[in-house]
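Colleague: Here it is, the structure in full.
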Amino acid sequence: MIKINTSHILPDTPYLLDGTESAEILELPPDADPPLAPAGDIAYHLSAVMAGADLIVTGRASVPLATVCARCLDDIRVTIAVKDLCFHFEKVRDLEVDLTDDVREELLLAVPSCFYCSPDCKGICPMCGTNLNHGSCSCDTRQAEPEPDAAAPSPWDQLDALNLAPEKPVKKANVKKMTAKSSAAKPAAKKANTKPPTQKSAAKKKSKE
Ligand SMILES: [Zn+2]
Ligand SMILES: [Zn+2]
């Protein structure tokens, strides 16, 4: 049980509570998918302060769990950690407050729906079941992928078929105006910058060497 007796908390001084608690309190279901089992105790580091008659507890907690990789099914050990615990209890002056359920709930909420042995786990071969992290196999897994159908219309065909020209011809006067405007808006070409490097100077340099 993770408990704090608020009568022990001095004013203006955080009351520190570090310890461990059996992971049995998590009550992990035995038939969880993926399987989850405690692989050690819950560790917690809490700091409690009183705000009037209210108790505010902040801190972190973690627990190691045994499970399996979702890609290669290897047994793995993971750590579930919550770094920003924050609990608020109202009107608990001189009372013993049990934090066990709150810590339990926060840890369970932090458990992801699946785990991986590593971010780049190669998984298992879909044909022979070889764990591709530990070795390779000679299966041609490309055959398992569907061949692209050459007769099927490409998604780009639809784009090509689109007629992007305006349906009605634009009024002549408008066209004139627009072209005049656009040509005026064009910046003058910078001749100085577009000058290609002369071959003369390069040749001079060569002859000197
Ligand atoms: Zn894996
Ligand atoms: Zn294989």
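A short reminder: the numbers here are calculations on the coordinates, not readings from a lab. Everything numeric in this text was worked out from a predicted model, so none of it was measured. Neighbour counts are summed over all protein chains in view; Cβ atoms, including those assigned to glycine, are modelled from backbone coordinates with ideal geometry.
Colleague: Among 90, 27, 96, 21, which is crowded, with 16+ Cβ neighbours inside 10 Å and of a type in the set (Asp, Glu)? Steps first, answer last, please.
Modeller: Values: 90 fails: crowded, with 16+ Cβ neighbours inside 10 Å; 27 fails: crowded, with 16+ Cβ neighbours inside 10 Å; 96 fails: crowded, with 16+ Cβ neighbours inside 10 Å.
It is 21.
Colleague: Give the number of residues within the range 4-29 that are in a loop (DSSP other than H, G, I, E, B) and more than 20 Å from residue 69 (Cβ to Cβ).
Modeller: Start the filter on the range 4-29 by keeping residues that are in a loop (DSSP other than H, G, I, E, B), which leaves 9-14, 22, 27-29.
Subset that is more than 20 Å from residue 69 (Cβ to Cβ): 9-14, 22, 27.
Qualifying residue count, the range 4-29: 8.
Colleague: Further question on the same structure: Kindly provide the set of residues from the range 69-87 that are away from ligand 2 (no atom under 16 Å from the Cβ) and surrounded by 14 or more Cβ atoms within 10 Å (Cβ to Cβ), ordered by number.
Modeller: Here is the first cut: in the range 69-87, the ones away from ligand 2 (no atom under 16 Å from the Cβ) are 69-70, 74-87.
Once the filter is applied, which keeps residues that are away from ligand 2 (no atom under 16 Å from the Cβ) and surrounded by 14 or more Cβ atoms within 10 Å (Cβ to Cβ), the range 69-87 yields 69, 70, 74, 76, 78, 80, 82, 85, 87.
Colleague: Looking at this structure, is residue 128 more than 16 Å from residue 14 (Cα to Cα) and free of Cβ contacts under 8 Å to residues at least 24 places away in the same chain?
Modeller: Working: more than 16 Å from residue 14 (Cα to Cα): yes; free of Cβ contacts under 8 Å to residues at least 24 places away in the same chain: yes.
In short, yes.
Conditions tested, residue by residue: (1) in contact (Cβ under 8 Å) with a residue 12 or more places away in the chain; (2) over 30 Å from residue 130 (Cβ atoms).
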residue	(1), (2)
8	no, yes
18	yes, yes
33	no, no
38	yes, yes
42	yes, yes
50	yes, yes
76	yes, no
81	yes, yes
86	yes, yes
